[in-house]
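Everything on this sheet refers to the single structure shown next.
Where a number appears in this text, it was derived from the coordinates with a stated rule and is not lab data. Nothing here was measured: the structure is a model prediction, and the numbers come from that model. Positions of Cβ are backbone-derived with ideal geometry, glycine not excepted, and every protein chain shown enters the neighbour counts.
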Amino acid sequence: MHLTLSVTTRNRSEMIDITSKIEEELNRSGLKDGVCFLFVPHTTAGITINESADPGVATDIQEMLNKLIPWEGSYRHLEGNSAAHIKSSLIGNSVMVFVESGHLKLGTWQGIFFCEFDGPRSRKLYIKFQ
Ligand code: ZN
């Protein structure tokens, strides 16, 4: 079985640091050593691990993605949100983190970010501790 976490996004494009929420779920699960799998079941959102110490990093990532993949363009997808689909594929929709001594084994500066590309919306994140 997996857990489902709800993520409410507030902007079209947004990176939300969910590290503490995942740690809370990990504590609740009681797992001490294993792996944590995170999966985003959406085609216009994603998940990534990057620096959380300086919030400027997440802002830079979003601004550069917006420059590289503008919202308006000669896209074929009729729904009008092709940019969000492309960003989702570039960022990816799953990450895996080791669990050691009951904690996520992240690097010193790393955080886990839920990435919204077509918000605001109510989103889901699947979590599996094993
Ligand atoms: Zn679409």
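Filter the cross-link list LYS67/LYS105; LYS67/LYS124; LYS21/LYS124; LYS21/LYS105 down to pairs whose alpha-carbon distance in this structure exceeds 21 Å.
Result: LYS67/LYS105; LYS67/LYS124 exceed 21 Å.
Return the sequence-ordered ³J(HN,Hα) values of the stretch 13-28 in whole Hz as given by the Karplus equation 6.51 cos²θ - 1.76 cosθ + 1.60 applied to θ = phi - 60°, using x for Gly and Pro.
Per residue, the Karplus-derived 3J(HN,Hα) values read 10, 7, 10, 10, 6, 10, 4, 5, 5, 5, 4, 4, 5, 5, 4, 4 Hz.
Taking the Cα centre of the chain as origin, work out the dipole magnitude from +1 charges on Lys and Arg Cβ and -1 charges on Asp and Glu Cβ, in debye rounded to 20.
400 debye
Could you work out how much longer the chain between TYR75 and ASN11 gets when fully extended? Use 0.36 nm per residue separation minus the Cα distance between them, nm to one decimal.
20.9 nm
Identify the trypsin sites (Lys or Arg not before Pro) of the stretch 1-106 meeting these criteria: DSSP loop state and at most 11 other C-beta atoms within 10 Å of the C-beta.
ARG10, LYS32, ARG76
Between SER94 and LEU68, with labels modelled 7 Å along Cα→Cβ, what's the label distance in nm to one decimal, could you check?
Once both label points are built, they end up 2.2 nm from each other.
Subtract the Cα-Cα distance of PHE37 and VAL57 from 0.36 nm times their separation in residues, and report this length gain in nm to one decimal.
4.8 nm
Using only alpha carbon pairs under 8 Å that are at least six residues apart, calculate the relative contact order of the stretch 2-129 and give it in whole percent.
55 percent
Under a crude label model (7 Å from the Cα following the beta-carbon direction), how far is ASN27 from GLN130 in nanometres?
2.6 nm
Cα centroid distance between the stretch 52-68 and the stretch 71-130, in Å?
Each part's Cα centre sits 14 Å from the other's.
Contour minus end-to-end for TRP109 and ARG121, with contour as 0.36 nm per residue of separation and end-to-end as the Cα-Cα distance?
1.5 nm
Among the chymotrypsin sites (Phe, Trp or Tyr not before Pro) within the stretch 79-130, which fall in a DSSP loop and have no more than 11 other Cβ atoms within 10 Å of their own Cβ?
TRP109
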